[in-house]
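A.B. asks: Please see the structure below; I have some questions.
The values are calculated or read from the model by the stated rules, or taken from the named source; none is laboratory data. In this text, all values refer to a predicted model and were calculated from it rather than measured experimentally. Note: ideal-geometry Cβ built from the backbone for every residue, glycine included; neighbour counts use all protein chains shown. SASA here: full protein model, heavy atoms, side chains in, ligands and nucleic acids out. Shrake-Rupley method; radii C 1.70, N 1.55, O 1.52, S 1.80 Å.
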Amino acid sequence: GQQLNQSPQSMFIQEGEDVSMNCTSSSIFNTWLWYKQDPGEGPVLLIALYKAGELTSNGRLTAQFGITRKDSFLNISASIPSDVGIYFCAGQKTWDRDDKIIFGKGTRLHILP
Amino acid sequence: EPEVTQTPSHQVTQMGQEVILRCVPISNHLYFYWYRQILGQKVEFLVSFYNNEISEKSEIFDDQFSVERPDGSNFTLKIRSTKLEDSAMYFCASGRSSYNSPLHFGNGTRLTVT
């Protein structure tokens, strides 16, 4: 089946540090999405990317759609305690309106006291 | 801001029982989805639904699963005879009509099969 490889699996950082995580695939995606999931809640969309090479920011978050269409990264600058959670990349392969979105396995972000 | 709502938040059922998970998608959305997440694992696609029919389903979505949009607002997932391995968080999601409209998720129903 279609696979998204997300890394790292988990990160332990100090408050104030920058964070970088990425997602790769062996096949092309036409849409890349980044979601955050807090405990007991559903995934919440952070950033959506629709064009190869696109770089989009949402506050302290920046994400890029790789030129090859096979990867994407998410950066978080100056992390704060509420950034703790699981970050999922997700992709949509085709332009079909009802094409499913598939998810990576997530990056669990921990902030050390 | 409009949101996807799911009920119940937690359902406990015995193996072999039928369960119905309910979702109210965002009102102007036309594309509806169910995903599930086994504890500690990634979010997995189950089924997509558009124009009152299933568009696509995964291998997880076998004959024990069905979806329905019984009226203009609700979107339900039925598991006919639950198994222990059906225990998971089930997320409903909806999207607008255009292809570049990302999904919005509900907060999920935690299903526990005992």
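A.B. asks: Step by step: first the residues of region B:24-48, then only those that are away from every other protein chain (no Cβ under 11 Å) and touching a residue at least 60 places away in the same chain (Cβ under 8 Å), then the one that is farthest from A:CYS23 (Cα to Cα). Which residue is that?
C.D. replies: Here the answer is B:ASN28.
A.B. asks: Taking the condition under 11 Å from the mean Cα position of the chain (by Cα), open to solvent by 10 Å² or more (accessible area, probe 1.4 Å) and either more than 12 Å from every other protein chain (Cβ to nearest Cβ) or under 27 Å from A:CYS89 (Cβ atoms) (or both), does B:MET15 pass?
C.D. replies: Taking the combined requirement at face value, the residue does not satisfy it.
A.B. asks: Further question on the same structure: Restricting attention to region A:28-78, which residues are within 12 Å of the chain's Cα centre (by Cα), away from every other protein chain (no Cβ under 14 Å) and aliphatic (A, V, I, L, M)?
C.D. replies: Across region A:28-78, the qualifying residues are A:LEU61, A:LEU74, A:ILE76.
A.B. asks: Please find, within region B:62-92, the residue that is least open to solvent (accessible area, probe 1.4 Å) out of those that are out of contact with any strand residue (DSSP E or B) (no Cβ under 8 Å at 6 or more places or on another chain) and of a type in the set (Gly, Ala, Ser).
C.D. replies: By that ranking, first place goes to B:SER81.
A.B. asks: Same structure again: Within region B:44-61, can you find the residues that are of a type in the set (S, T, N, Q) and open to solvent by less than 70 Å² (accessible area, probe 1.4 Å)?
C.D. replies: We begin by selecting, within region B:44-61, every residue of a type in the set (S, T, N, Q); these are B:48, B:51-52, B:55, B:58.
Once the filter is applied, which keeps residues that are of a type in the set (S, T, N, Q) and open to solvent by less than 70 Å² (accessible area, probe 1.4 Å), region B:44-61 yields B:SER48, B:SER55, B:SER58.
A.B. asks: Next up: Starting from residues that are under 21 Å from B:PHE105 (Cβ atoms) and modelled with pLDDT under 95, keep the ones in region A:20-34 and report whichever is most open to solvent (accessible area, probe 1.4 Å). Give the steps one after another, and end with the answer.
C.D. replies: First pass over region A:20-34, keeping only residues under 21 Å from B:PHE105 (Cβ atoms): A:21, A:23, A:29-34.
Still in the list and also modelled with pLDDT under 95: A:29-33.
On the way: A:PHE29: 1, A:ASN30: 22, A:THR31: 3, A:TRP32: 0, A:LEU33: 2 Å².
Here the residue is A:ASN30.
Yes/no per residue for (1) in contact (Cβ under 8 Å) with a residue 24 or more places away in the chain; (2) farther than 15 Å from B:PRO8 by Cβ; (3) within 14 Å of another protein chain (Cβ to nearest Cβ):
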{"site": "B:TYR50", "(1), (2), (3)": "no, yes, yes"}
{"site": "B:GLU53", "(1), (2), (3)": "no, yes, yes"}
{"site": "B:SER58", "(1), (2), (3)": "no, yes, yes"}
{"site": "B:GLN64", "(1), (2), (3)": "no, yes, no"}
{"site": "B:GLU68", "(1), (2), (3)": "no, yes, no"}
{"site": "B:LYS78", "(1), (2), (3)": "yes, no, no"}
{"site": "B:LEU84", "(1), (2), (3)": "yes, yes, no"}
{"site": "B:MET89", "(1), (2), (3)": "yes, no, yes"}
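A.B. asks: Looking at A:THR68, A:THR56, which is the one that is surrounded by 16 or more Cβ atoms within 10 Å (Cβ to Cβ) and either assigned to a loop (DSSP other than H, G, I, E, B) or of a type in the set (S, T, N, Q) (or both)?
C.D. replies: A:THR56
A.B. asks: When region A:79-95 is examined, which residues are found to be surrounded by fewer than 18 Cβ atoms within 10 Å (Cβ to Cβ), more than 7 Å from chain B (Cβ to nearest Cβ) and at pLDDT below 90?
C.D. replies: Selection gives A:LYS93, A:THR94.
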